[in-house]
Amino acid sequence: MAPTSTSALVRAARGRRGRSWWTLAVMLTLCVPAWATCTRISYAPGVAYASNSIYYVDPAHGTHNIWSGSLDTAGASGLSVSSVNLNSSTFQPDGTLLASGSASFLTLGNEAYTAEQVLFRCDAADEGSLFEFYATNGDNDYGGRYEDGASFGLPGAYRTYIRDMVIRVTHTLTGNYFSRYWQSRPLTNLDRDGQGKILVKAKNFSDVRVELFRVSNTYGSAGSGLYGYSQPAAYIAFKGPGWSNNLLDGRDSGSYFDGWYAAWPGTINLYNRLTVRRSATCAVTNVTPNVRFPLMTVAELQGGGTRQMPIDITFECQTGAPANTGLAALASGVNAGQTAMGVLVPAANFQSAAAQGLTTAGSGATFLLSDGYGTDPGVATGVGVSLALANGTPLNFLGNAMVTGSGNAAGWYPVLDGATATGVAAGVTNYTKRLQATLKRIPGRTVTPGKINARAQVVIRVQ
């Protein structure tokens with residue numbers, strides 16, 4: 001469903017500081033000795049160079065392909081979702097995680113890389129002078145210049161073009177947050193070809209983790225729609241003889257960007273990769289804190305016996321003014337832009353369910369299994385907890401709260417299904433909903449004695 005608020009954001013952005021690659025190429029040629037230059041490898045797979053060429057890639061030691069580098073539209077978002085919803089600080093307190101995910105370096109180019117793809121070929125003498133550098137887009141107001149998140153307890157989280165949203169990128173191999181100030185990692189233990197040349201391959205660069213948070217900043221667009229600001233959030237650069245010479249640890253990426261864009265193979269970029277919504281939604285206020293099932297015997301469970309206990313949920317929704325002012329109207333459902341509820345199981349429990357074949361075609365689970373299922377000898381096996389609405393309609397559990405748009409198969413259900421309104425104030429309607437948790441034998445399994453202990457979390461999210 002298309003957003004009903006402000007139209008999609010589109011703003012043309014000039015290239016990084018308006019410089020062209022040709023100017024930078026001339027500068028490099030003038031200041032770097034020809035005998036101390038790594039060779040950039042970028043040509044189609046069907047092309048072959050003679051073994052005495054500086055561009056030669058021995059098929060036994062690597063592959064080659066065309067790669068363009070960090071153009072303004074290159075890269076990946078790194079997020080596991082394609083949309084986020086921004087709301088008021090009442091429903092989304094400052095620091096709320098909107099979305100997260102991880103991206104392989106192989107997806108961060110303008111073109112996809114393969115692990116063995118050679119990006120640079122260097123002399124054996126260059127060992128010790130080859131580095132991966134990484135930083136935010138520090139010369140751009142909405143790409144990595146301002147660390148707005150720091151004021152809200154979110155170090156490393158930088159302003160985006162969307163008001164109320166900051167982005168934080170983590171360098172997976174070092175664990176460091178990307179910063180406006182360049183950081184580096186030595187490229188070591190690199191492959192070599194039959195001539196002893198060092199091969200800098202795509203597999204040698206780090207993956208990233210990306211997070212989006214809501215904060216109450218006042219910069220950028222208050223609109224919604226497709227993220228159309230074509231400036232990246234962060235970069236991964238190569239430094240070696242002849243390339244990116246003025247990148248040094250601690251230098252400000254707003255002023256030092258030698259090598260952009262051809263020597264920078266990685267880009268973290270929201271451009272045309274994220275839809276921003278500003279929709280009215282709901283928030284959980286209370287859930288039954290503990291559910292304790294009465295003791296059952298193995299024989300009773302094996303014979304089809306069950307125990308059922310209620311889970312009561314109270315929540316509130318923005319159904320009128322002033323609570324929904326400036327927001328698209330609340331819509332209960334599982335389609336794009338609608339608000340859904342799910343019951344999230346911990347990642348380890350979901351993995352246990354997956355190992356037992358108890359997951360759906362989406363990212364949902366049909367049973368909540370105990371902590372330590374299958375690994376702790378004191379935990380009962382062959383038994384789990386299923387979920388249903390009060391009227392008996394079965395529900396799947398959520399396996400990942402960040403995966404939206406997959407409906408019931410992922411564990412999402414319309415937020416108002418089975419809900420009863422209990423009062424309205426200042427445009428906020430209060431609701432209650434009852435779910436039924438049932439302890440029972442997993443079909444086709446043999447029950448073994450032991451304890452059962454697990455937890456789950458009620459989640460409400462705009463799809």
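Only one of the listed residues (263, 328, 323) is in the same structural domain as residue 101 (by TED's automatic domain parsing) and more than 23 Å from the chain's Cα centre (by Cα). That residue is 263.
Looking at 151, 179, 184, just one residue is among the small types (Gly, Ala, Ser), surrounded by fewer than 16 Cβ atoms within 10 Å (Cβ to Cβ), farther than 30 Å from residue 336 by Cβ and out of contact with any helix residue (DSSP H, G or I) (no Cβ under 8 Å at 6 or more places or on another chain), and that residue is 151. Of all the listed residues (192, 180, 159, 251), the sole one being closer than 23 Å to residue 118 by Cα and either outside the structural domain of residue 137 (by TED's automatic domain parsing) or of a type in the set (Lys, Arg) (or both) is 192.
Of all residue pairs spaced 6 or more apart or on separate chains, those with beta-carbon atoms under 9 Å, a first member in region 225-248 that is closer than 21 Å to residue 197 by Cβ and among the basic types (Lys, Arg) and a second member that is in a strand (DSSP E or B) and at pLDDT 95 or above are 239/131; 239/132; 239/133; 239/184. Take residue 455 and tell me if it is of a type in the set (Lys, Arg), touching a residue at least 24 places away in the same chain (Cβ under 8 Å) and surrounded by fewer than 16 Cβ atoms within 10 Å (Cβ to Cβ). Answer is yes for this residue.
Where strands (runs of 3 or more DSSP E) fall wholly inside region 337-456, the ranges with 3 or more residues that are assigned by TED's automatic domain parsing to the domain that holds residue 300, out of contact with any Pro (no Cβ under 6 Å at 6 or more places or on another chain) and β-branched (Val, Ile, Thr) are 419-425, 428-441. The number of residues in region 372-401 being buried (at least 18 other Cβ atoms within 10 Å of the Cβ) and at negative phi comes to 16. Listed by first and then second residue, the pairs linking a residue in region 187-206 that is of a type in the set (Asp, Glu) to a residue that is modelled with pLDDT of 95 or more and surrounded by fewer than 18 Cβ atoms within 10 Å (Cβ to Cβ), with Cβ atoms under 7 Å apart and 6 or more places separating them unless they lie on different chains, are 191/61; 193/58; 193/61.
The values are calculated or read from the model by the stated rules, or taken from the named source; none is laboratory data. Note that the coordinates shown come from a computational prediction; the quantities given were computed from them, not determined experimentally. Every residue, glycine among them, receives a Cβ derived from its backbone with ideal geometry; neighbour counts consider all protein chains shown.
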